[in-house]
Amino acid sequence: MFKSTRKGHMFILCCTVIVMVVFIYIIHINFSQLSNFHFINVKSHLAPACGYSGYMTTESKTIDQQIAEIMTLMNCTIPQKDTMHFNETTSAINSKAILLSYKPNYCLGDTLIVQVEMFNYLGKRKTYGGDFLQARIFSPKLGAGASGRIKDFNNGTYHIYFTLFWKGPVQISVLLMHPSEGVSLLWKGRNMGYNYIRFTGKFLNKNQEVQTECGFYLNSQQEKCKYVDRRYREVFYCIKLPEVPCEAFISLNSENTRYTYLTNANKTLFSKSNIGIEIPKQVESIDVLNCSKTSMNVTSKCQIGTSLPFPSGYFLKNQWFPSHCNLSSFEPLLNANKCLAGKMIYLMGDSTIRQWIDFFPKVMKNLKFFNTHNPGIYCVAFDLQNNIYIQSKKHGHPFVISRFYNVKDHAYIANELDQVAGGSNTIVVVTVGQHFRPFPFPLFIKRLLNIQRAIKSLFLRSPHTKVVIKSENTREINPNVERFSDFHGYIQYLLVKDIFSGLNVGMIDAWDMTTAFGSRNVHPGEDIVKNQINLFLSYIC
C-alpha cells in the first residue's frame with residue numbers, strides 16, 4: 001500500500017492560500033504544450049485551484065519568495081495520491097493506444113493524433129491523469145525520429161500529436177515511464193531531504209590529508225565550516241575537524257548512499273520491468289506520402305532569441321532539422337574554423353557539455369588541448385592559427401562524482417558569468433540538470449534564478465555577448481530511479497525553458513533531440529553531439 005505524508009485537508013488549505021495571493025509569481029510552465037512527456041498541465045482543472053494567473057515579473061520579490069511560490073504551484077499540480085494499492089496503479093499492458101481518424105495513407109506535414117486510454121492492473125479505467133509518458137515516431141531505416149506533444153485530459157485519456165516530418169513507413173511508440181502514483185512518490189521523496197548523496201571533503205592537516213563529511217545540510221551538532229557565496233547566497237558545509245582550519249579544504253567527492261524514502265511496497269512500482277513499458281497500439285505503423293500540396297521547407301535563419309516550438313525538430317538520416325528555422329545540412333559544422341575564428345567560447349556545466357570540447361577537434365584540426373591536470377573538470381583548448389579559445393568548466397555544487405576533484409576549480413556558474421567581460425567575440429554555453437536530480441527541487445530553482453540574474457547582468461554590460469542554453473538530455477533506464485529518473489530531468493527541463501524564455505539566448509533542446517533519437521545514455525552518442533554543435537554554430541555564424 002502506498003501512503004502519502006500529505007493529508008487531503010492540507011492540500012485544500014494549500015490551494016486556498018494560493019488563491020488569496022494577489023500577485024502570485026508563476027514561472028509559466030506550459031507542460032502539456034512544451035514536451036513529449038506529460039505529468040503536469042497547469043492549464044487543466046488543477047490550475048485554478050493552484051492559483052494560476054499567468055506570468056508576472058518578479059523584480060520586487062526575494063529569491064526565497066520566488067522559490068516558495070514555484071514550489072507551491074508544483075506541489076499543487078503534481079499528482080498527490082494518499083493511498084493506493086499496486087493493482088490500482090496504471091498498467092501499460094492493460095492500457096491502449098488508438099489512432100484517431102485512421103486512413104491508409106498520410107501526407108507529409110499532416111498531424112497524426114493518437115488517443116491513449118489508461119487502465120490499472122485490475123482492468124479498470126483510470127479516472128485521473130498525471131502519468132509520465134514518452135511518445136515518439138521513428139523510421140529506423142531512414143535514421144528518422146520525432147517527439148510527440150501530449151495533452152492530458154486528467155481523466156485517464158491522453159491525446160498525442162505527431163507532425164509527420166518525413167515520408168516513408170513511420171512507426172509509433174508510446175511508453176509508460178512511470179504511473180501517476182509513481183510520479184507522486186518520486187516527487188515526495190526527492191523533496192524530503194539530501195540523503196541520497198554523501199559528500200566527502202578532504203582537508204590538509206599539516207602534512208597529512210584528513211577527511212570529513214560535507215553537504216548542503218548536515219544533521220550534526222558538531223562545529224561546521226560554512227562556505228558561502230555572498231552575492232548569490234549559495235551555501236555548502238563540511239564538518240569541522242579539530243585543529244584543522246576551514247581554509248585547508250582541498251578536494252571533494254561524492255557517492256550514492258543506500259538511503260531510500262520508499263517502502264518495500266513502493267519499490268515494486270520502480271522495478272525495471274515496470275519502467276518504460278510500451279503501451280499496446282491498434283496500429284503499429286503508417287505510410288507517409290509526399291503529396292503535391294505539401295511543403296515542409298523553412299526559410300528563416302536559426303537565430304538567438306527565437307522561442308522554440310515543441311517538437312523543436314526531427315531527425316532524418318541521423319541529421320537534426322529544426323522545425324522553426326533553416327538548417328538543411330552540416331554546413332555550419334564544416335565551416336567551424338571560419339565561424340569561430342577570433343572567438344572565446346566558455347562551456348559551463350556538466351559532462352554533457354564537456355562532450356562538446358571533446359568533439360571539436362574532429363572538425364577543427366588545429367585545436368590543441370592545454371594540460372590542466374584536471375581532465376573532465378576543467379579543460380582548455382586553443383587554435384593559435386585561427387585565434388580560437390575554448391574552455392569547459394564544471395558547474396558548482398552539487399557535482400556528483402566518485403573521484404576527488406580540487407575545490408579550487410569550483411565556481412558557481414553565476415560567478416563565472418560575472419567574470420566574463422563579454423563582447424561580440426564572446427560566446428557562453430550553459431547547461432545544468434543531471435547532477436541536481438538527487439536533490440530537493442528548491443536547490444535547482446535557486447540555481448536557475450541565480451544564473452538568469454547573472455545573464456541579465458552580462459547583457460547590461462555587454463549586450464553583444466552570445467549566450468546559448470543547452471537543456472539536459474534523457475539518460476539510461478535503471479533501477480536507481482529515486483535519484484536519477486528522467487522524471488526528475490523532465491521537470492528540470494521544463495523549468496529551464498521557462499526561466500530563460502524572454503531572454504536573448506539561443507536554446508539547444510537536447511531533451512527533444514535525445515527523445516526523438518531514442519537515446520538512453522546520459523552521454524549521448526556522437527550523432528547527437530554533432531547535431532547539437534551544428535545547431536549551436538548556426539546560431540553563431
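The values are calculated or read from the model by the stated rules, or taken from the named source; none is laboratory data. Nothing here was measured: the structure is a model prediction, and the numbers come from that model. Note: ideal-geometry Cβ built from the backbone for every residue, glycine included; neighbour counts use all protein chains shown. Keep in mind that these areas ignore ligands, DNA and RNA; they rest on the heavy atoms of the full protein, side chains included. Shrake-Rupley method; radii C 1.70, N 1.55, O 1.52, S 1.80 Å.
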On the accessible surface of the chain, probed at 1.4 Å with all protein chains in place, carbon and sulfur together account for a percent value of 52
As computed over the chain, the Cα convex hull volume per residue (Å³)
158
Report the relative contact order of segment 371-503, percent, no decimals, based on alpha-carbon pairs under 8 angstrom and at least 6 residues apart.
23
The ³J(HN,Hα) series, computed from each phi in segment 111-117 with the Karplus coefficients 6.51, -1.76 and 1.60 at θ = phi - 60°, rounded to the nearest Hz and given as x for glycine or proline, is 9, 9, 10, 10, 9, 10, 10
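Pairs to check: Lys126/Lys151; Lys61/Lys466; Lys103/Lys126. Give those whose C-alpha atoms are more than 20 Å from each other in this structure.
Lys61/Lys466; Lys103/Lys126
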Taking Ser60, Ser271, Ser312 and ranking on accessible area (1.4 Å, protein atoms only), highest first, one gets Ser60, Ser271, Ser312
Rounded to the nearest Å, the spacing of the alpha-carbon centers of segment 300-327 and segment 88-166 is 23
Ranked from the most accessible area to the least, with a 1.4 Å probe and all protein chains present, what is the order of Asp152, Asp409, Asp358?
Asp358, Asp409, Asp152
Could you tell me which of rounded, prolate or oblate describes segment 362-478, using a ≥ b ≥ c as the square roots of the eigenvalues of the alpha-carbon gyration tensor, with rounded for a/c under 1.5 and, failing that, prolate when a/b is larger than b/c and oblate otherwise?
oblate
May I ask you to give the solvent-accessible area per residue for the chain, in square angstrom, as obtained with a 1.4 angstrom probe?
42
What is the gain in length, in nm to one decimal, between Ser285 and Phe369 on full extension, counting 0.36 nm per residue of separation less the C-alpha to C-alpha distance?
25.5 nm
Run down the aspartates and glutamates and flag those whose C-alpha is under 20 Å from the C-alpha of Lys393, throwing out any fewer than 8 positions away in its chain.
Asp229, Glu234, Asp350, Asp358, Asp383, Asp409, Glu416, Asp418, Glu472
The chain - share of DSSP beta bridges that are antiparallel (%, nearest 5)
75
One would report the Cα pair-distance distribution of segment 451-536, bin width 10 Å, in %, as 16, 42, 30, 11, 1
Kindly state, as a whole number, the per residue volume in cubic angstrom of the convex hull around the alpha carbon atoms of segment 124-172.
84
To the nearest 0.05, the calculated FRET efficiency linking Met296 and Ser220 through their beta-carbon distance, R0 being 56 Å, is 0.40
